[in-house]
Each structure stands twice: as C-alpha cells, then as structure tokens.
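Notes for the one structure printed next.
Taken together, the values in this text are just the output of simple stated rules run on the coordinates, not laboratory data. Small disclaimer: the values here were computed from a predicted structure and weren't measured. All Cβ positions, even for glycine, are placed from backbone atoms using ideal geometry, and neighbour counts span all protein chains on display.
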Amino acid sequence: MTERLFLTTIAACASLTVPAKDILVNTPNTSLLLKAEGGQPLHISYYGERIDDINQVYAAYSLWEPAYPAFAGGGSNSYALSVKHADGNMSTELIYLEDKQTTEANSTLYIISMKDKAYDLLVDVCYRAYNNSDVIETWTEIHNQEKKPVTLLKYASGFLPLRRGNAWVSHQHGTWGAEAYIYEEPLQNGMFEVCESNGARNAFSSRANIMISLDGKPRENEGRVVGAVLCWSGPYRFSIDTPDQSEHHLTVGINEANSAYTLKKGESFTTPPLALSYSTEGMGGVSRSYHRWARLNNKVHNGTATRKILLNSWEGVYLNVSQDGMEKMMDGIRDLGGELFVMDDGWFGNKYRRTRDNCALGDWVTDTLKLPHGIPALEKAATERGLKWGIWIEPEMTNTQSELYETHPDWVICHPNRTPVTGRGGTQLILDMSNPKVQDFVFDVVDRLMKETPNTYYMKWDANFDIANFGSHHLTADNQSHLYVDYHRGLTKTLERIRAKYPDLVLQCCASGGGRVNYGLMPFFDEFWVSDNTDAQQRLFIQWGTSMFFPSCAMAQHVSASPNHQTGRVIPLKFRFDVAMTGRLGMEMKPEDLTEKELAYAKNAVATYKEIRPIIQQGNQYRILSPYDKTGYASELYITDDKSEAVFFAYKFEHYLNQARPRFLFAGLNPDATYRLTELCRNGNADHWEGHTFTGKFLMQQGVEIALNGLFASKVIRLTKQ
Ligand code: GLA
C-alpha cells in the first residue's frame, strides 16, 4: 500500500510519460485486447477469436472504448462505475497507473490499476484468463483512499463493447416450476436489459446469464457467440446499450437499485466476477466452455467428482416422514441399485411440529413423534443398506410460528418500523444474513447436524422466500442500502466456513426448485435442483435452457410418479428416465408404487446410467434438435474429451397425424472415426442401424432414421469408437 500511495501521488505526472502498452488476454481459442496508456483510461478494442497479430485489429477498424467507463469520465455514454466523492463531486475520470500479470495454476491474472485524475480513488480492473477453457473473468476492486467516505452509486463488474452487426440476444426467464425458458430477440437501437431484484432467489425469474449471437438468429452449433455470466447470488443488471450504428455496449454487474454502497476511508469493494466466453461454434460452443470452466475450476463444487444416484423423499411422502416410511423408501432405492437416500422436509420441530409448511423453520431439532430414534438411526438404516445418507435443511429461513422467531424476532429481514409480509404457509420469513450472529446460527445448523450424524453425505439446502421486507435490524441507518450486497456476502462467508470444515459434504442448492441457479453460489454447491416441476415433457424445456450455462453434473434430475404431481400428465417410465438421465439421475417417488415390470425397467435403467454417467457428467454436451423449435422432437449428445464414447438422446414429446419426421443428425463426433451404435434401455424392436458401424462424418452429415412412434417415445443410443 505504501508503494500504491506513492504511485498515487505521482500518478498525474507519471501518467504522461508511461509508454502505451498492449495487453493481450488470451485463452486457448480467444483473445481480449486492451491498451494501457499514460494519462488515458484503459481501452478495449477487441474480443473474439484468438489473435496473434494485434496490428490487424488496429488497422481494421476503430473500436476504441474505455474498458471500465466511469460516469462523467469522458469517452462513453455507457458507464460501469458511478461514484459520489467525499466532496460531493459525481464525476470520475480514471487514468492508467500500472499493471501486473501473475501466472496461476489454470489461469493468468491481469490487474490493471487506474486512478482518478484528481481524487484518491483507485480502481483495479482485473481479468483472469483460463488455459483450460475459453472463459475470461473480469471484475474490479475499488479502493477509497480519499479523506472521507465515498458512495458507490453504480459498480458494475465489467463492460464490453461489441461491433454492431446482425446481433441477437438470448436470455432466460421463468417462474416457479417453469424456470430458464429461452427468449431470443435481435438487438436494435436503444437499451436492452435483464434486471433482477428478488434479493435471495436471483434465478427464479430471470437468470444472470445471456448470450449474444453475432451472426443473426442464434444457432446451436454454428456462428459467433459471446456469453456473459455474472457470478453473483443477489440482484443483478445486464444492460446492452445500442446507441448508434456502430456498437453495442454490454455492462453487467450487481443491480445498483436501492444498493448505494458507502466505502469509508481506506475501505475497498470487490465486484463479483463477470465470466465472458466467446465461440465460433454457436451457442453450444459457449455452453461447452462454461461447462468445462465450471467443472475444472471448482465453479461448481467438486466439479469432476462422480455424482451418486439418489432417492429423495419429497414427492413420495411430502411432510409425512416416519422411520418406517423412510426405511421402505431406502429398501426401494437399494433394490433398484441407487446409492444415496435423502430425507426431505418434515423431520423437525418441537414446540411447533413441521406437520404443515407454516411452522418450525429455524427449529432444527428432530420431531421425535415422527422419528422417535432420531436422525442417527436413519443414517444407520441407510448405511446398513449400503446407501449414503442425506437430509434437507432451509437454514436461512424461519416462520412466525417457530421458537427461533419467538427468541430472535430481530433476526429476520424487515425494517423495525414495519410489519413483515410473510411468504410460504402465510408465515415464512427470511433471516438477515448481514448479521454475524445469524451467520453463526446458519453455520451451526450444518455443524450440529454433522456432529450428531457425522456420516451425513449430502444436504439439500433450500431457500423458499425472498427479501420481501427490505430493511435490517442489524445494519445502521446509514447503511440500510447495503442489505442486498451484505446479505450475499454474509451467505458466502458462511458457506466458506462450512466448506472449510466439510469439504466433502455434498451440498444441493435448491430454492423452490431452480431459484438459485447461479455461479455466485455454485462454487459451494455440488449440484442444484433444476425445478420443482418433475414433468418429463416440461423438463425437456427447463433442462435445455438450464444447460445453456450449467454442466450436467450439477443438474439434479429426478424420475417421479405418473400422473405427474405438478401437471397431471401421464408419461411412460422409459421417457421419464430418458429425460432424467441427461443430468445427475435420481428418483423422487415411492418405488413401491411401481409395477413389477416397471421395477425391472428401472433397475436396468439405473445400472445403465452407472455405465454411461462418466460420459454424461464429465463429457461435452451437443444440443442438436431444440424442443423450442416446435417440431415436437428434441435430441442431444454427450461425448468424452477424446471423442471415443458418446451417448445420444432422442425424444418425441408431441404427436400428430402425419407429423413430419426430423432428420436425426449427430454432432461433435470425430469425423474420421468409426462408431458402433447400440440402443440402451430398449423396450421395443431394434432399429435397423442397431449394432452397425458408421463414420463420424456420415453420422453428422446423414444421420440415421430413428423410429420414434407415438407420443412420449424416446431412445438412448450409445456410440462406441471402434
Ligand atoms: C421446496 C423445494 C422442494 C421441497 C420442498 C420442501 O419447494 O423446492 O424440492 O424440498 O421445498 O418443503
């Protein structure tokens, strides 16, 4: 810091003499080009395919924007940073100071320091370029070295100018039971925004991820595409400003609305990373880069570990858990070849028993009327059956009917002068994670369960309410606007503590289904519950959308009862399995409700999944026929890195007389290799290609005819390189 202060004081004159410098930030197949020059803001002039000759870029066109534009700082109407300085001045003019480069295990870190021309406000613009995936993370560290507090009015993570063309944006929107639906639209003049302000479940409506296709309507496996993902669990804003004929300006960061953040003298603020990706292989190329980045760099906790096949009790018995009932379900999943049993909601509460969903959150003691022998007896029952044990918690929440709320009414999020609006059951409230005492309490929920039942393998961490009553008992009057940010900092701090003590505990991230599918939390969680909707037809759409940014190893996908509990739809067991198998397979029903024939089918499906799961959980995904294209068909493929083993899935989920049949083409294969095709989990006649061999080129150009007859027909085909 001493050196930094020295640099600060000499910045104004030094900046005039620092020679211009090109900084080329490279991943294996992409480059981002920056120019640092004394007396100037850092500039960005290129993001795209990897380049070696940067002079081509400067000679070709004039994209020349500040890499991190500040409000009223000159040079750009779009801005990523807006600061009210100690003296009330609202303008910020950043100029380049110094930069450094550090080599890390899987990446190179670039830190480019800038300083306001007249104020002691320093901004480090950081880029981390990975060498194992085509992802560049960018974020900033804002340091207040002024004499008094400054207020951050906007503090985006990153800014990216793009040359204009026929650009389209793909974004995602949804709601409970219908998450991650894909929407696409051309980028025209004006402002496009994806903006979220829920507070706790930031993936419930929109998602903190977009893709921009640069060559017209988005395509799966062709065309140039830029991806942008904000690694943050709170409110966010993605803005694309298209002010004129030549450029689009992408600004991404924490949603600054109601979140002005004050930095005292000497304090710093680190923005969450914005993970950028670029591919010439369409949206699928960008997806595969994010999947790889997530698996290999712990952006999903323990991303390379094999995920176990589980049975979750929720849709089987809902809140009616009992020792007998749980043991019966354990028997069921053991007989089918499953590996893990998870008891969901309903197991806790003393004064208020969790017999309905309107009480007891926060009272994490076993309901001994339902479970007289306690949790250790259930863990023992699972172990005796050769199963791992898992349990559900919702530690950030409480109900007005709970001993916790009676003891600590000031722990909930709500301004002291307001009566809280309640959520689920008419009683649910959210605890204030900005409060260190609440953080300790939440840590203890996990810690006490682990102490009581040390062999617990898995916890499902749920969150079923929002920051609906903005206001904190804990934060000072001046700092109320810190709540959204400090909630998530408190949450991640707590998760860091849990991970430090329990690195191997498998944690599922759930928030009324997929309400928290974001890369702010996934570094702490091994997987997420994709949706409370387990209807296999609708899951095709939800899973398709989710897979745009998240790897299959993290996607919890369960086979449930038929008729489906959410939609009432009747779907054959094979189709339900074939849809669930493209992620981390599980079941969520009473196995005893299956017929003998279905049990035999399920047993074979579980055994088959065990064989192919390395390909699915760790392979590269190629989405091919999109369910969104309204043909009534969908198909996709997973393939190992060496392209020797692949699994292809084909579905027919609508049925019409004389419906046009698609051509089933394969993707991502080695064109020169020969593959043998074998249908897995077949429950009908063999197709004529069964057991035959084809070159990868033939399969990708010609494909094979796949007999999908009638509604809810599906096939799983294994491709083995000869
Ligand atoms: C949420 C989850 C479900 C289930 C219930 C239990 O809705 O998304 O999977 O765990 O809570 O109450």
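Worth pointing out:
- For GLU267, distant residues with modelled amide H under 5 Å away: ASN144
- Taking the C-alpha atoms of segment 623-721, convex hull volume expressed per residue in Å³: 91
- Reference-scaled alpha-carbon Rg (2.2 N^0.38 Å with N residues) for segment 238-352: 1.78
- Modelled spin labels at THR631 and ASN166, positioned 7 Å past Cα toward Cβ, are 2.1 nm from each other.
- Spin-label pair ASP672-GLN56: with each label point 7 Å from Cα along the Cα-Cβ axis, the two points sit 2.5 nm from one another.
- Extended-chain gain in nm, criterion 0.36 nm per residue less alpha-carbon gap, GLU222 and ASN106: 39.0 nm
- Between the C-alpha center of segment 339-355 and that of segment 69-103 there is a gap of 51 Å.
- The listed peptides 169-176, 247-254, ordered by packing as a protection proxy, come out as 247-254, 169-176 (highest mean of other Cβ atoms within 10 Å first).
- Between LYS451 and ARG356, the simple label model (points 7 Å from Cα in the Cβ direction) yields a spacing of 3.4 nm.
- Pairs of Cα atoms nearer than 8 Å and 6+ residues apart set the relative contact order; for segment 3-287 it is 17 percent.
- Alpha-carbon Debye profile of segment 3-287, log10 I(q)/I(0) at 0.10, 0.15, 0.17 Å⁻¹: -0.51, -1.18, -1.49
- Note that segment 679-692 has calculated 3J(HN,Hα) couplings of 7, 9, 6, 6, 10, x, 6, 6, 6, 5, 7, 3, x, 7 Hz, one per residue in order, obtained from phi through the Karplus relation 6.51 cos²θ - 1.76 cosθ + 1.60 (θ = phi - 60°); glycine and proline are x.
- By the beta-carbon count within 10 Å of each Cβ, the least crowded to most crowded order of ASP440, ASP124, fewest first, is ASP440, ASP124.
- For segment 623-721, the tally of Lys pairs with Cα-Cα distances below 18 Å comes to 5, considering only residues 8 or more apart or on different chains.
- Remark: segment 48-57, residue by residue, has Karplus-estimated 3J(HN,Hα) of x, 3, 4, 10, 10, 8, 6, 4, 4, 5 Hz, where x stands for each Gly or Pro and the curve is 6.51 cos²θ - 1.76 cosθ + 1.60 at θ = phi - 60°.
- Converting phi to 3J(HN,Hα) with the Karplus coefficients 6.51, -1.76 and 1.60 and the offset θ = phi - 60°, segment 661-678 yields 8, x, 8, 8, 9, 9, 8, x, 7, 7, x, 8, 7, 10, 10, 9, 9, 9 Hz in sequence order, with x at every glycine or proline.
- For the cross-link pairs LYS154/LYS493; LYS299/LYS493; LYS388/LYS610; LYS148/LYS437, the ones whose C-alpha atoms lie over 21 Å apart are LYS154/LYS493; LYS148/LYS437.
- FRET efficiency, ARG497 to LEU657 (Cβ-Cβ, R0 45 Å, nearest 0.05): 0.15
- 16 Å cut-off, amide nitrogen to a point 7 angstrom out along ARG424 Cα→Cβ, residues in segment 376-417: 391-402
- Bridging of LYS147 to lysines at a Cα separation below 21 Å is possible for LYS84, LYS115, LYS117, LYS264, LYS265, once same-chain residues fewer than 8 apart are set aside.
- When you count the other C-beta atoms within 10 angstrom of each residue and take the mean per peptide, 33-44, 445-456 line up highest first as 33-44, 445-456.
- At 0.890 mPa s and 25 °C, Stokes D of segment 549-622 from Kirkwood alpha-carbon radius, µm² per second: 189
- The residues PHE575, PHE341, when put in order of fewest to most other Cβ atoms within 10 Å, stand as PHE575, PHE341.
- Between the alpha-carbon centres of segment 641-717 and segment 579-594 there is a gap of 23 Å.
- Relative contact order of segment 99-213: 16 percent, from C-alpha pairs under 8 Å at least 6 residues apart in sequence.
- For the pair ASP22 and GLU384 in one chain, pulling the backbone fully straight at 0.36 nm per residue adds 124.0 nm over the alpha carbon distance.
- Multiplying the residue separation of LEU369 and LYS597 by 0.36 nm and removing their Cα-Cα distance gives an extension gain of 78.4 nm.
- Taking amide H atoms as placed 1.01 Å from N in the peptide plane, the amide H of GLN401 lies under 5 Å from those of ALA360, each 5 or more residues away in sequence or on another chain.
- Computed E for LYS117/GLN480 - FRET, C-beta separation, R0 25 angstrom, nearest 0.05: 0.20
- Shape box of the chain [Cα atoms, principal axes, largest first, Å]: 82, 68, 43
- From helices alone, the chain scores -6500 deg cm²/dmol at 222 nm; the rule is -39500 (n - 2.57) for each run of n ≥ 4 DSSP H residues, then divide by the residue total.
- Rel. contact order, % - alpha carbon contacts under 8 angstrom, at least six apart, the chain: 10
- Placing R0 at 25 angstrom, the Cβ-Cβ distance between HIS688 and ASP641 gives a FRET efficiency of 0.20 after rounding to 0.05.
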